[in-house]
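Structure in C-alpha cells, see below.
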Number of protein chains: 2
Amino acid sequence: MDLETSPLARPFPDMPAIAGATPRIARAHYKDWDRCDLTFVELAEGTSVAGVFTRNVCCSSEVELGREQVKAGRARALVVNAGNSNAFTGYRGREAVEQIMAQVAGELGCAQEEVFVSSTGVIGVPLPKDKAKAGIDAVLQAAPCSWEDAALTISTTDTFAKGATASAIVDGKRVELVGIIKGSGMIAPDMATMLGYIFTDAAVEPAFLQQLLSASNTRSFNCITVDSDTSTSDTVLAFATGTAGNAPLTGFDDAGADAFAAALDQLCRELAHLVVRDGEGAQKFIEIAVSGAASDESAHRIALAIANSPLVKTAIAGEDANWGRVVMAVGKAGEPADRDTLSIGFGGVWAAKDGQPLADYDEAPVAEHLKGQDITIQVDIGLGGGCATVWTCDLTHGYISINADYRS
Amino acid sequence: MDLETSPLARPFPDMPAIAGATPRIARAHYKDWDRCDLTFVELAEGTSVAGVFTRNVCCSSEVELGREQVKAGRARALVVNAGNSNAFTGYRGREAVEQIMAQVAGELGCAQEEVFVSSTGVIGVPLPKDKAKAGIDAVLQAAPCSWEDAALTISTTDTFAKGATASAIVDGKRVELVGIIKGSGMIAPDMATMLGYIFTDAAVEPAFLQQLLSASNTRSFNCITVDSDTSTSDTVLAFATGTAGNAPLTGFDDAGADAFAAALDQLCRELAHLVVRDGEGAQKFIEIAVSGAASDESAHRIALAIANSPLVKTAIAGEDANWGRVVMAVGKAGEPADRDTLSIGFGGVWAAKDGQPLADYDEAPVAEHLKGQDITIQVDIGLGGGCATVWTCDLTHGYISINADYRS
C-alpha cells in the first residue's frame, strides 16, 4: 500500500550535528522490503538520558526494560527496529531485546543497561534474533548518516520524515537540540506507535533532564490525539551528551536552565504537532483551546473529549461549524460544566455564548476559516480559571481506507 | 440526503395493543418536510412511569424536567417531537416544553408533571411554540395509530422503524410489553439521540418499575456504543398502565415479578441491539464478551474500550482478525490487566492465549466468521471472575459520509 504524503506535511529542517551522538542506519530485513529498518545512535560516555513511556498496560518488553533503564540515567546507545513492534510476544520477545542490548554493550564496552532499544511495526511476532544480530553487525560497520536518514529509518507508514531543532544559550555556551519522531501512520496489523528521540549537546544531570522532559511531555505529546487509541510501545527518550561544555544543569537555579527548558518545550511541541500532521487520513490540523474550566486538568480532559469525538472530527472534515457536537463532547467529558455558561467559537469567532447561539452570529468568516488547513476551536466553560490546549486532526475517508480497506 | 436501509435491519414485529396506552401521530412541521413528526401517547389514569436519562451534563430541558417528573412516578401522556432537539436553547427551550406540558395537562385534566416530553433533531434552535401548539391541537384530533407508525414518527435519520415485544405471566395474568426506539442515525447538525419508550399493561408500582428499568438499562442501553459520543437528550421511559388486572408488583417477592423482570430485560436488550443495527454506516453487528476481569465493572470498561476503539472497529470493517488492536484497546482501558495472561478470540476460536499468539492458530474459520454480519470477539483477562458483554458496530466509509460529507 502506497500512502500519499500528508497534505499537512512539513519539510525536514536543516539540523546540526550533535557532538557525541552519531546516527547510523542499516538493513536488518525485519520485513520483506529493501529499505533501512535499523537505526543505531552511538552516544558519548557520560550521556544523560530521560524517558517517558506509554501508559498502556499491555506494553512491549522494550517499554518495560526502558522504564527501568532510565532510572540509572546513563546511555551509550540507542537501537530502533522498524517493521516489528515485538509487542505481545512473551518471553521470546524479551530475549530478543536482551540479546541486542548484550551485543551492543559488548561492542561498546558499556553496561547492558546503557543500551536503549525500541521497536515498531507488526505485533505478535517475536523480533527475529538472527536478523537483529546481523543488522547490528551491519550497522556497526556503516558510515554515520544524517538525522533525516535516521528519521526515515525509524518510520513505518509515516508519509514524511519528521524532525525539529532548537537551541539555547546555557552558561554562556550555545547548545543545540535536535529531535526526530515517527507517528501515527498505521496499517493493519501494525500499531500506532509514536517513537521520539531528542539529542542535545548540553550537559544536563539525568534527574533534571527527566524533570524537564516529563514537564514538556504534559504540554506536548500528552496533548495530541489522532484517534484516541494508545499504542503499546509509545516512547520518547532525551539524550544529553554534555559535549557543549556548559556546567551541567542540575536545577532551575542554574544559569541557562530556563532557556534550555524553553527550547526543549518548543522542540517537543513541534515534534508532537508533526505527529498530528501525519495522522492517518488527516486533511486538517485542529487546535482545541479550552478556558474557564474548574482546573487545568479538567480543561485538559474536556479538550481531549472534544478532540476524540468522532462527530466533532467528521464535522471539521466536512468544514461544518457544528458547535452542537462540541457541546455534546463537553457534556460527555464527565467534568464540571454548565450548559448555560458555555461558549464555543471557531477561528476566533464566537458562535454560541452562555449556552445559547449568538443572535448576531455571522457564519461567513467561520465558514472561510473552516475551509483552511489549520483550524482552531475555542471553548469557554465559564466556571473557573482552568485552561488547556490540545491538537488533533480530522476524521476522513482516508482513515477508514488506511485501517479497514487494506487487509493484513 | 437519502440513507439506504441498514443491511443489519430487522423487520418490525407484530405488536399487540396495550390497553390504556393509545398512540397518535400528527404533522407539526418542525422542519420543512411532509411527514408526521409529533407523537402523542395517552396513558390511562394511574399509569406508573420510570425513566433513565443521559449523563451528558449539557442535557436538554426535556431531560432536566423528565428526571424530576419520574420521581413522582405517575404519567398520563407522552409527547415526542422529531426534527428539533431543543437542546442548548436556554430559557426559551424550557418555555416551549412547559407550554406543551400545560396544553396537554389542560386537555386531559391532569397535573402538568404527568406529561412527559422528548425532542430529537437539530440542536441550538428553540422548539417553535406556535408549531408545537398547532401540532398538539392536531394530534388530539387524530385517530389512534399503530406502534409501527409511532416508531416511524419518533425517528429522525433512522433507516428503519425499530420495535420489540415481550410477554410474561404475572399473578396468573398474561401481561404484554411493547417497546419502540429511535437510534443513532445522525446528520449534521442533528444529535445522536437515542429515545426509547416501553409500554406494558402490567400493574407495577413506580419505585419497583424504576428499580427494574435501571437494572435492565445497565445490561442493555448502557452496553451499546456506536461511536463513543453521548447525546444530550438520550432518554428511555417505561410506562405501566396496570390494565392487565394483576395485583400491582411492588418487589421481587411478588408472584410473577421475576417473570416480568426477565421480559423487561429481554425487551430492553432487543431494543438496544436494534439501535446498534442502525448505527451510522454499520455493516456488521459486533458482540464483545470480556471474562476473567478483576470485577464486572472492570470487564464492562474494558469491553467499552474495545468497542470504542476506531482501530478495532475499522479492522472488523476490513474483516481482519487483528487481535493486536484488541490487545492495545485492553491495555488503554486503564483497568487491571496483564499482558501475559491475556487471551483473545473471534467467533469462538482463540487467536492468542496467555499473552502470545497460539502456535496452532488456524485463521481459516476466523476469516470465515469475519465475513459474516454478526461478529463476536472474546477476551479473557485471566485475572479474576469479572464478566461483561457489550455491542457495537463497525466503523466504515458510511459513517464518514453521513457525518462529514453532507453539510448542515
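Let's test the formula: R0 of 51 Å, r as the Cβ-Cβ distance of B:Ala259 and B:Asp34. What FRET efficiency results, to the nearest 0.05?
It comes to 0.70.
For segment A:254-408, list log₁₀ I(q)/I(0) at each q in 0.14 Å⁻¹, using the Debye formula over Cα point scatterers of equal strength and ignoring solvent, two decimals each.
Summing over Cα pairs of segment A:254-408 leads to -0.73.
Can you give me the angle between helix A:129-141 and the longest principal axis of chain A, using Cα atoms only, in degrees from 0 to 90, rounded to the nearest 10?
80 degrees
Hey, how many Å between the Cα centroid of segment A:298-343 and the Cα centroid of segment B:276-314?
22 Å
Separate question: If packing is taken as the average count of other Cβ atoms within 10 Å, what order do A:319-332, A:110-123 fall into, highest mean first?
In decreasing order of mean packing, A:319-332, A:110-123 become A:319-332, A:110-123.
Something else: Which Cα, out of B:Leu237, B:Ala351, B:Ser119, lies furthest along the positive dipole direction of chain B (beta carbon charges, K/R +1, D/E -1)?
B:Ser119
Hey, another quick one. For segment B:31-171: lysine pairs with Cα atoms under 27 Å, gap of 8 or more or different chains, count?
Working: B:Lys31/B:Lys129; B:Lys31/B:Lys131; B:Lys31/B:Lys133; B:Lys31/B:Lys162; B:Lys71/B:Lys129; B:Lys71/B:Lys133; B:Lys131/B:Lys162.
So the count works out to 7.
On to the next question. Put a label point 7 Å from Cα along the Cβ direction on B:Asp296, then list its distances to the equivalent points in the other copies in nm, shortest first.
4.1
Distance between the C-alpha centers of segment A:104-169 and segment A:33-47? Whole Å please.
For segment A:104-169 versus segment A:33-47, the Cα centre distance is 4 Å.
Rounding to the nearest 10 and keeping the result within 0 to 90°, find how far the Cα-based axis of helix B:61-72 lies from the longest principal axis of chain B.
On a 0 to 90 degree scale, this one is about 80.
Taking beta carbons within 10 Å but only from partner chains, what does the mean come to for residues B:346-356?
Mean number of neighbouring Cβ atoms from other chains: 2.
Oh, and also: What relative contact order, as a whole-number percentage, does segment A:285-405 give when Cα pairs under 8 Å and 6 or more residues apart are counted?
With pairs under 8 Å counted, the relative contact order is 45 percent.
Something else: Compare the peptides A:204-213, A:354-363, B:386-395, A:376-385 by average per-residue count of other Cβ atoms within 10 angstrom and give them in order, highest first.
B:386-395, A:204-213, A:376-385, A:354-363
Now, a different point. With the label 7 angstrom out along Cα to Cβ, how close does A:Gly46 come to the same site in each of the other copies, in nm, nearest first?
Distances to the matching label points in the other copies: 9.2 nm.
Taking each residue in A:394-403, count the Cβ atoms of any other chain within 10 Å of its Cβ, then average. What number comes out?
Average per residue, whole number: 6.
If you take each beta carbon of peptide B:80-88 and count the beta carbons of other chains within 10 angstrom, what is the mean?
Values: counts 0, 0, 0, 0, 0, 1, 0, 5, 14.
Partner-chain Cβ atoms within 10 Å, mean over residues of B:80-88: 2.
A follow-up question, please. Kindly count the pairs of lysines across segment A:258-408 whose alpha carbons are less than 16 Å apart, treating pairs on different chains or eight or more residues apart as eligible.
Counting lysine pairs in segment A:258-408 gives 4.
Another question, then. Hey, what do the phi angles of segment B:20-26 turn into as Karplus ³J(HN,Hα) couplings, whole Hz, using 6.51/-1.76/1.60 and θ = phi - 60°, x for Gly and Pro?
Ordered by residue, 3J(HN,Hα) equals x, 9, 10, x, 9, 9, 7 Hz.
Same structure again: Would you compute the Debye intensity of the protein assembly as shown from its alpha-carbon atoms alone, equal scatterers and no solvent, and pass along log10 I(q)/I(0) at q = 0.09, 0.11 Å⁻¹ to two decimals?
Log10 of I(q)/I(0), two decimals: -0.87, -1.18.
At 222 nm, what value in deg cm²/dmol follows for the protein assembly as shown if DSSP H runs of at least 4 each add -39500 (n - 2.57) and the sum is divided by all its residues, to the nearest 500?
Estimated from H runs of four or more residues: -9500 deg cm²/dmol.
Rounded, prolate or oblate: which fits segment A:256-345, taking a ≥ b ≥ c as square roots of the Cα gyration tensor eigenvalues, rounded meaning a/c under 1.5, else prolate when a/b beats b/c?
Here segment A:256-345 falls in the oblate category.
Can you give me the Kirkwood hydrodynamic radius for chain A, using every pair of distinct Cα atoms, in Å to one decimal?
With all distinct Cα pairs of chain A included, I get 22.0 Å.
Could you work out the relative contact order of chain B, using alpha carbon pairs under 8 angstrom and six or more residues apart, expressed as a whole percent?
Details: 1024 pairs, mean separation 72.9, N = 408.
Dividing the mean separation by the residue count of chain B yields 18 percent.
Every other copy gets compared here: list the nm distances from the A:Ala134 label point (7 Å along Cα to Cβ) to its counterparts, shortest first, one decimal.
Copy-to-copy label distances at A:Ala134, shortest first: 8.0 nm.
Is the shape of segment B:6-62 rounded, prolate or oblate, going by the alpha carbon gyration tensor and its root eigenvalues a ≥ b ≥ c, with a/c under 1.5 for rounded and a/b larger than b/c for prolate?
Since a/c stays below 1.5, the shape of segment B:6-62 is classed as rounded.
Values quoted throughout were computed directly from the atomic coordinates according to the rules given, and no laboratory measurement underlies them. Keep in mind the model is a prediction, meaning the values are calculated, not measured. Cβ coordinates were reconstructed from backbone atoms using ideal geometry, including for glycine residues, and neighbour counts include every protein chain displayed.
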